[in-house]
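Enquirer: Quick one: the structure is below, questions incoming.
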Amino acid sequence: MAERLSLTAQSPVAMASSLSSAASSLLLSSTSTAAKISLSSFSSSASSLSTSSSLKCLRTSTLISHHLPNLKRSSVVVRNGGFSTVASPKSAASDPDQLKSAREDIKELLKSTFCHPILVRLGWHDSGTYNKNIEEFPQRGGANGSLRFEVELNHAANAGLVNALKLIQSIKDKYSAVTYADLFQLASATAIEEAGGPKIPMKYGRVDVSGPEQCPEEGRLPAAGPPSPADHLREVFYRMGLNDKDIVALSGAHTLGRSRPERSGWGKPETKYTKNGPGAPGGQSWTAQWLKFDNSYFKDIKERRDEDLLVLPTDAVLFEDPSFKVYAEKYAEDQELFFKDYAEAHAKLSNLGAKFDPPEGLVIADSPTGATPEKFVAAEYSSGKVVTMKNLFLHFAIVQFFLHFICVKNSYGATCAYANCLFSQLFMICCRIKKTSIMFFLCRGY
Ligand code: HEM
């Protein structure tokens, strides 16, 4: 049942404190399925703070910082005994400057948590509910931010995605003038690009659904092991208005990430490629370097040489169905073509069902020159650590110190032992880069 609270405030400070207490009472009344704070004359873009049963973290301070910028944008006029907003100029669903800053924060998040795959899946599962046969927003589903609500997160197909939401919630809190719908798609496209994938021609300005009652019904996303995978994929993706080429190209997103039996029921609990993370260890990946976006998904499915790599029935069918196969073969051979088609299909997917404000959408500029993101290389995917010059130097210095100490202390064959130590350290550094256990064996005596 929706609960509405009307607040009046004497001044912005008083208003903030009212918001603060409202937030606290909302937290306390978490049993209500859809609690809304409606500030009677709040701006159109921030007219209601829908918390409902979403996982949105309603910390008091966050709530205030979250909405004060919106108040600024909608020209708050403070009057004796109350406040109201003047008819505010129509603003876009998301603010372009905040979108750009949010993108930089997402890049930092990716660098520190390696959450590229789950962010891609988040974006896809928000937009992939689209039904082209339904005209009305938001009943048609699609990229509308509905996946933030618990009711939708609880759909079986979305198992585990609550973790993605938790990861980006602080970014949402920081940039109140970015909608969830935009943030999900921004996070997904940024993750692809930062993993070494193509630049996606994205636009923004997606409007959010306002409550959990606007979530799509369960069952619109594809299953991984249906009786007839090709028919099933066509049924689901054609309903979204996509075609065979899109199906094959988009499936290539499985070049990133893992499947976990405890989430989807698919995949091994762990493999040699996933047992050490990065991120939470475990699961089964489709590719060896599952944090690098390239065409290895198609090569690996075609060759099927490694039992540690996953092939779902819906992946396998890409090389079995005659129409899918044409594209899958090409993508296995030609990464450039795959990147081109993937970028187009991903952009299409990210726009499905979205209502844009402004209607034509917003394009945000690329990162400023000079600050081009370093492409993520999953060189250390099996150890969960990134090899940097700093890491290597530290490693070298620490080992050097201890080995030198041992050699001098034992004072036998010091020069020879010392030289050996140096070689062994080089080996150890190689081990960290190449993950070759034989090398590790060679130098472990030191
Ligand atoms: C073609 C139909 C598809 C099926 C049947 C399917 C199925 C699955 C399954 C079962 C998982 C494992 C989830 C888990 O256990 O955590 C998964 C993960 C994933 N899917 Fe799909 N998927 C499909 C299409 C797509 C598309 C179109 C994209 C993106 C454009 C995508 C991106 C991903 C990513 C990145 C992961 C890894 C998530 C992680 O590591 O946390 N998938 N998918």
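The values are calculated or read from the model by the stated rules, or taken from the named source; none is laboratory data. These numbers come from a predicted model, not from an experiment. Every residue, glycine as well, gets a Cβ built from its backbone with ideal geometry; the counts of neighbours run over all protein chains shown.
Enquirer: Every residue in the stretch 153-175 that is away from the ligand (no atom under 16 Å from the Cβ) and closer than 15 Å to residue 220 by Cα, please. Steps first, answer last, please.
Expert: Initial filter on the stretch 153-175 (away from the ligand (no atom under 16 Å from the Cβ)): 169-175.
Once the filter is applied, which keeps residues that are away from the ligand (no atom under 16 Å from the Cβ) and closer than 15 Å to residue 220 by Cα, the stretch 153-175 yields nothing.
Enquirer: Let me ask something additional. Filter the stretch 130-176 down to the residues that are of a type in the set (Lys, Arg) and more than 16 Å from the chain's Cα centre (by Cα), then identify the one that is farthest from residue 110 (Cα to Cα). Break it down stepwise before answering.
Expert: First, pick out the residues of the stretch 130-176 that are of a type in the set (Lys, Arg): 132, 140, 148, 166, 172, 174.
With the extra rule that they be more than 16 Å from the chain's Cα centre (by Cα), the set shrinks to 132, 140, 174.
On the way: 132: 33, 140: 31, 174: 17 Å.
Out of the qualifying residues, it is 132.
Enquirer: If you take the residues in the stretch 195-237 that are touching an Asp or Glu at 6+ places or on another chain (Cβ under 9 Å) and part of a helix (DSSP H, G or I), which one is surrounded by the most Cβ atoms within 10 Å (Cβ to Cβ)?
Expert: Applying the filter and picking the extreme gives 233.
Enquirer: Which helices (runs of 4 or more DSSP H) sit wholly inside the stretch 253-360 and have at least 2 residues that are among the basic types (Lys, Arg)? Reasoning before the result, please.
Expert: Working: elements: 296-303, 313-316, 322-333, 335-351.
Once the helices (runs of 4 or more DSSP H) in the stretch 253-360 are filtered for at least 2 residues that are among the basic types (Lys, Arg), what remains is 296-303, 322-333, 335-351.
Enquirer: Answer yes or no as to whether residue 228 is hydroxyl-bearing (Ser, Thr, Tyr) and without any contact (Cβ under 8 Å) to a residue 12 or more places away in the chain.
Expert: Values: hydroxyl-bearing (Ser, Thr, Tyr): yes; without any contact (Cβ under 8 Å) to a residue 12 or more places away in the chain: yes.
Yes.
Enquirer: When you scan the stretch 241-263, do you find a residue that is more than 20 Å from the chain's Cα centre (by Cα), more than 10 Å from the ligand (Cβ to nearest atom), modelled with pLDDT of 95 or more and among the small types (Gly, Ala, Ser), even just one?
Expert: yes
Enquirer: Separate question: Might you let me know whether the stretch 295-308 holds any residue that is of a type in the set (Asp, Glu) and touching a Ser or Thr at 6+ places or on another chain (Cβ under 7 Å)?
Expert: The answer is yes, given that some residue of the stretch 295-308 is of a type in the set (Asp, Glu) and touching a Ser or Thr at 6+ places or on another chain (Cβ under 7 Å).
Enquirer: Would you please name the residue that is nearest to the ligand (Cβ to nearest atom), looking only at residues in the stretch 120-146 that are polar (S, T, N, Q) and out of contact with any Ser or Thr (no Cβ under 7 Å at 6 or more places or on another chain)? It would help to see each step written out before you state the result.
Expert: First, the residues of the stretch 120-146 that are polar (S, T, N, Q): 127, 129, 131, 133, 139, 144, 146.
Checking the rest, the ones that are also out of contact with any Ser or Thr (no Cβ under 7 Å at 6 or more places or on another chain) come to 129, 131, 133, 139, 144, 146.
Details: 129: 12, 131: 16, 133: 20, 139: 22, 144: 17, 146: 17 Å.
Among them, the one singled out is 129.
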